[in-house]
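Read through the structure below, which is laid out as structure tokens, and then see the notes.
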Amino acid sequence: MGNMRAEPIRFLSRGEIVEVDAAVAPTTTLLDYLRVTLRRTGSKEGCAEGDCGACTMVVAQPDAKGGVQYSAVNGCIQLVGQMDGKALITVEDIGSETALHPVQQAMVDCHGSQCGFCTPGFVMSLFAHQRNGEPADTDALCDSLAGNLCRCTGYRPILQAGQQALASGEDAGAVADWEADLLVKLKGLDRKAPLKHANAAGAFYAPRDYAELWAALAETDPADRWLLAGGTDVGLWITKQHRKPAAIIHLGQLTALHGVRSTADGLSIGAMTSFTDALPALAALHPDLGLLLRRLGSRQVRNAGTLGGNIANGSPIGDSMPALIAWGATLTLLSARGERSMPLEDFFIAYRKTALAPDEIVARVDVPIAAPNSRFAVYKLSKRFDQDISAVLGAFNVSVKDGRVAEARLAFGGMAGIPQRAAKAEAALVGQDWDGVEPAVAALAEDFSPLDDMRASAAYRLLAAQNLLRKFAAEAKAGKPIRLFDGAGEAAE
Amino acid sequence: MNTHVVAKSLKHDSAPKHVCGSARYIDDLPEPEGCLHGGLTMAPIAHGRIKSIDLSAALALPGVVDAITVADVPGDPDIAPVFPGDPVLADGLVQFHGQPVAAIVARDLHVARAAARLVKVEYEELPPLLDIREAMEREQWVGDPHVMTHGDAASAIAAAPHRLQGEIELGGQDHFYLEGQISMAQPMEDGDVFVWCSTQHPSEVQKLVARVLARPIHAVTVECRRMGGGFGGKETQAAQFAALAAIFALRTGKPVKFRLDRDEDMIATGKRHDFYIRYDVGFDAQGRIQGYDILLAGRGGCSADLTNAVVDRAMFHADSSYYLPNVKITGLRCRTNTVSNTAFRGFGGPQGMAPTEYVIDEIARYLKHDPLDVRLANLYGIDERNITPYGQVLDDNILHELLADLEKTSEYRSRRQEIDAFNAQSPYLKKGLALTPVKFGISFTTAFLNQAGALVLIYEDGSVQLNHGGTEMGQGLYMKVAQVVAEVLGLAPEDIRITATRTDKVPNTSATAASSGADLNGKAAENAALTLRDRLAGVAAHMLHAPVESLVFANGQVSAGDKSVAFKDVVHHAYLQRVQLSATGFYATPGIHYDRKTASGKPFYYFAYGAAVTEALIDTFTGEYRFTRADLLHDCGTSLNPAIDRGQVEGAYIQGLGWLTMEELWWDAKGRLRTHAPSTYKIPTARDMPPDFRVALVHGRPNPAATIFRSKAVGEPPFMLGISAWLALKDAVAAVGAHEMPVRLDAPATPERVLMAVEDVKRRMAASTALAAK
């Protein structure tokens, strides 16, 4: 870049371009940038880890159909550099005390605020829900609000406010005009050169294509750089662990890594596809995949978090991996040297250790269509239904021939240092009918020696994992799911 | 009573600001120029001696301005509210993991937090005492054991036809106010300091800041406009960070802000007391309790804080809603090397009531009765069976009609049959149902705290400013008190300017706690408003040529018959006639007393009542559950603001449900809290609210006690409606054993505990079948 003045990080706010000062540290979160640098204090910090939603704000960007996509995100764990080229909407922007937005008006009318600290976040989650045209039923509202904690109201008036706001609606013409203007202005943010925001505190890169990525990788130290996807975990390395890498390479602007494509064999999901964008295609493959993804993090987390980030992170308790391992997904890694593919389970070597080389990125996940005569289910166990990390996650994919198990893929999260298949139980299950699962249940105790921690005891983990296999068999015999919730939120039995 | 403003469902005064992000919390205030930010060095061990503290590496970090240890505190470093033992920074001894041992200020918050990690502390580690039962065995207390008796429990238990014994564990609870602890201090003239503090108790913060600074109380002013939630967690716990900010403000001459990160907040500040409970109960064939011996052991943690009063309140509520002819209640206050537990909505009441509701449930299982019938059999009577274990006669009991109403509106009996039918054909999913009552005593049990002051100012244009000692934490107190003043002066609530709570407007206030905010401050403000109305009436009587007694203050007018004059014109006349337009008001709750030596008296001015029915569905494979329906009926007397009170009832129920089900504080073997953020500590979300949620306030029952407009306190009582959710889970587990087996289900009843309870019932069933076969 030499001495040429770099193009700053730029985003739209209130119809105007915000240029981030060159001196701002690359680890600066979006929330800190707003609250501390700009002194816009409407969005609140409740946890600084993306779990309470008090900082919820909305990112607007063009969608695939020429319209605008609104994504609620947790500003506390988004980095300001991730905003480049997008529009930001916060609670101060959508209405004022004398001219409330319909969502704000409904929250007032329904007594939806008490202490008021979580309120800006709820308002913005509901705003995004409304702008995206999502339905007004309680289940849909809960999907949008699962990442917003309120300690005062018990939620009833907030859900009521959501319904009122959706019923009253916005002026469609005004919204259309606003969106048309926004799309024009966003065009104006297209940059000439790749983003590199560098100063004494470090550097932030946002490559748009592979050439820019390989260049950024070449000029940074692998031992002191982070690859950033959605930031829903990396953000905490900053806010909670107080770490400061020399370089952050944000992969979210790399368009080739985005999107879900149908292939002859199934689906090919780009690593930077957000969970929100991947959800419909995966839900169409199997309803349990959809249900699982709806419980992965919160809406804010799914809007930012990516499938590739979840995998590359190597966590033993990431939700998507056991499901995709059981399903038989293939992972492809990419570097300047070329690409290589492997069964997803082979990527995980040991606790937080993966097959990813320092110069590689996770490129895509290929998910085959379901084999005929197979039975699949995913069960996620956690203290809380929504937005909790699994104590145990069991994903089972079993093909049945003549009433007996021909092949079994039983994958678990939370049972070992990595997401892992239960080899002994799989072997014990083959050849059995649905009344013969007990040998496989017993074998799980040989496959796994889980740990005690704050999410569950080892004893619960093992017993629950065993019972999940029993439940899988009971569901197969009953010919229907046995669940507390089904898709519509009703008990299935 | 015909009222214009009071008893109306008016909106929270700050609602439009809340929804626009324009309501300012302390971290939103413009920072005074040069504001410094605080960081805390926290102990990595649960117990040990501090051998040395080296601040040099922290001070060397660019941007760091100052650092202190306890030795640098100019005054008394103990910020304990009642009994000594809460040093503002560890004083030679670390008593819990995460205890602040040093503090830093820097020009940037991130620098301050990074610097705090550079402080080098040498410790001599000591074995920590972490378990309540071990504390009991070793008789480690933060306050003396206390016993309350009525009749002869031991003989009555021995003589009773049936007897059950058991133990229960109830977990603690983090407040999880969305706004963490925060204070900002500004140095003033003469060594004075002004403190913005998110606190329920500005007067105590003021007193303790003065104490650490070795200054008189008048040198310190504390202001709180609003908190982002309190729930008891900002009663005593706010003072530490206000004190640190004030110490640094005076040392550096700069404004200083201390804002805790969520993890620091959850690790370093006190929580709801967890309890270990042991019971021994004798009862007859109807399940009527003959004798009851209950031991309530609360975890005080490393110091007393408010533990004595919390365990006392647990003892006062161990009767729940039931007459106990022979009872012995023992309250223990255990000392452990964990953070000092503190006030939390209900203040021990829930920990006293929940075990007794559980015991009633066990009696019902034993007798194979519906638990509701056992509850009704034991309910306090109206004219007899109405004396509490502490000798107060229950003279305002409305539970019989309240429970009858709820039993009917919730369709309890028919749903019980439907649930039995469902369970009979559902091998893996089981439903449960529970109806539990609430009776909660209103007043601080420390009598002198039951006082409040207010200051009402009328300006010459007729506008009114209101100030009182109560604080706003979202409960709508400011609005309720404004409604009271508006009602008295015949104005609209928007004519009353609500102002921040400040210690230089009303002195020596009590905490906004014990649900007392509206009762006490409403009365004090009414007192001030009545004084002003009397003065204005004299002026208006002249203007209208009418006797004072004939005047009516309403709708911004003062009227006598068909003649009227605008309130603001009366005020302007009063000003010109040199009539004083400001007044203080005061209130002290009458007639309450308690003698701790005899464990008897009348500690409560009155009782608030309620009841809830919750239905649960459990998965017996995994222990997961959901709550499908809840019906609440709650008594607010004549509600000052039904919309706000309904909000309190609903929010309290969900918070109580959270406490007893999913919210788990999990300490490891070294005494480190490992659930210290929302990623690991799970409070209810929107989907945890029962989808069928029916909430009603009791109508037509004004408070017989002469409270403000005959309303009742509402902050805490409905918290205990959540007990029905826990016992609905217990009922669903009991269904696994056809309601014939005892069910041990401690709280929080996480999916793990529910599954283990299911397994236990299955084992008992198998053993009983094996026995029958023999």
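Coordinate-derived values only; no laboratory data. Computed from a predicted model, the values in this text were never measured in an experiment. Ideal geometry is used to build each Cβ from the backbone, glycine not excepted, and the neighbour counts take in all protein chains shown.
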**Fill in**
Taking a ≥ b ≥ c as the square roots of the eigenvalues of the Cα gyration tensor, with a/c under 1.5 meaning rounded and otherwise prolate when a/b exceeds b/c and oblate if not, segment B:316-425 is oblate
**Request:** May I ask you to evaluate 6.51 cos²θ - 1.76 cosθ + 1.60, the Karplus curve with θ = phi - 60°, for each residue of segment A:210-220 and list the ³J(HN,Hα) values in order in whole Hz, giving x for glycine and proline?
**Result:** 5, 4, 5, 5, 4, 5, 5, 5, 5, 9, 10
**Asked** Are any of the pairs B:271/B:597; B:234/B:505; B:120/B:271; B:11/B:431 more than 32 Å apart by Cα-Cα distance, and if so, which?
**Response** B:11/B:431
**Asked** Which value in deg cm²/dmol, rounded to the nearest 500, describes the helix-derived mean residue ellipticity at 222 nm for the protein assembly as shown, given -39,500 (n - 2.57) per DSSP H run of n ≥ 4 and division by the residue count?
**Response** -9000 deg cm²/dmol
**Item:** Angle in degrees between helix A:458-478 and the longest Cα principal axis of chain A, rounded to the nearest 10
**Value:** 70 degrees
**Request:** Give me B:408, B:328, B:568 ranked fewest to most by other Cβ atoms within 10 Å of their Cβ, as a rough exposure proxy.
**Result:** B:408, B:568, B:328
**Request:** Beta carbons within 10 angstrom, averaged per residue: use that to sort the peptides A:163-169, B:87-93, B:27-33, highest first.
**Result:** B:87-93, A:163-169, B:27-33
**Complete:** Length-normalised contact order of chain A, Cα under 8 Å, at least 6 apart, in percent, tallies to 11 percent
**Asked** Using the Karplus equation 6.51 cos²θ - 1.76 cosθ + 1.60 (θ = phi - 60°), what ³J(HN,Hα) coupling, rounded to whole Hz, does each residue of segment A:25-33 give in order, writing x for Gly and Pro?
**Response** 4, x, 8, 5, 7, 4, 5, 5, 4
**Request:** Please identify every one of the trypsin sites (Lys or Arg not before Pro) in segment B:184-238 that sits in a loop by DSSP and has no more than 15 other beta carbons within 10 Å of its own beta carbon.
**Result:** none
**Relative contact order [Cα under 8 Å, 6+ residues apart], segment B:282-328, whole percent** = 49 percent
**Request:** Check each of the GluC sites (Glu not before Pro) in segment B:69-169 and keep only those in coil by DSSP with at most 16 other C-beta atoms within 10 angstrom; list them in order.
**Result:** B:139
**Item:** Average other protein chain Cβ within 10 Å of Cβ, residues A:45-56
**Value:** 5
**Long pairs among B:51/B:257; B:51/B:207; B:408/B:682; A:383/B:368; B:408/B:439, criterion Cα-Cα beyond 22 Å** = B:51/B:257; B:51/B:207; B:408/B:682; A:383/B:368
**Request:** Express as a percent, rounded to the nearest 5, the fraction of DSSP beta bridges in chain A (both residues included) that run antiparallel.
**Result:** 85 percent
**Item:** Relative contact order [Cα under 8 Å, 6+ residues apart], segment A:327-383, whole percent
**Value:** 40 percent
**Message:** If I take R0 = 45 Å and measure r between the Cβ atoms of residue A:442 and residue B:147 in this structure, what FRET efficiency does the formula 1/(1 + (r/R0)^6) give, to the nearest 0.05?
**Reply:** 0.30
**Request:** Count, for each residue of B:741-750, the Cβ atoms from other chains sitting within 10 Å of its Cβ, then give me the mean as a whole number.
**Result:** 1
**Ranking of B:340, A:268 by count of other Cβ atoms within 10 Å, fewest first** = A:268, B:340
**Message:** Quick check on chain B: take the gyration tensor over C-alpha atoms, sort the square-rooted eigenvalues as a ≥ b ≥ c, and tell me if it's rounded (a/c under 1.5), prolate or oblate.
**Reply:** oblate
**Gyration tensor verdict on segment B:241-361 (Cα atoms; rounded if a/c is under 1.5, prolate if a/b is larger than b/c, oblate otherwise)** = prolate
**Request:** Find which of B:625, B:150, B:239 sits farthest along the positive direction of the dipole of the protein assembly as shown, computed with +1 on the beta-carbon of Lys and Arg, -1 on that of Asp and Glu, about the Cα centre.
**Result:** B:625
**Request:** Would you give the gap between the C-alpha center of segment B:255-311 and the C-alpha center of segment A:154-226, rounded to a whole Å?
**Result:** 47 Å
**Asked** Which whole number gives the average count of other chain Cβ atoms within 10 Å of the Cβ atoms across peptide B:467-475?
**Response** 2
**Asked** So, with +1 on the Cβ of K and R and -1 on the Cβ of D and E, and no other charges, what is the size of the charge dipole of chain A about its Cα centre, to the nearest 20 debye?
**Response** 600 debye
**Request:** Measure nothing but the geometry: give the 0 to 90° angle between the long axis through the Cα atoms of A:156-168 and the longest principal axis through the Cα atoms of chain A, rounded to 10°.
**Result:** 60 degrees
**Prompt:** Taking H as built 1.01 Å from N, whose amide H comes closer than 5 Å to the amide H of residue B:65, not counting residues under 5 places away?
**Reply:** B:105, B:106, B:107
**Complete:** Longest principal axis of chain A (C-alpha) makes with the long axis of helix A:119-131 (C-alpha) an angle, in degrees to the nearest 10, of 80 degrees
**Fill in**
For A:473-485, B:505-517, ranked highest to lowest by mean beta-carbon neighbours within 10 Å, the order is B:505-517, A:473-485
**Request:** Using only Cα atoms, locate the centre of segment A:241-305 and the centre of segment A:418-478, then give the distance between them in Å, rounded to an integer.
**Result:** 28 Å
**Message:** What lysines does residue A:353 reach when the alpha-carbon gap must be under 25 Å and sequence neighbours fewer than 8 apart in one chain are set aside?
**Reply:** A:240, A:244, A:380, A:424
**Message:** Based only on other Cβ atoms within 10 Å, what is the fewest-to-most ordering of B:363, B:104?
**Reply:** B:363, B:104
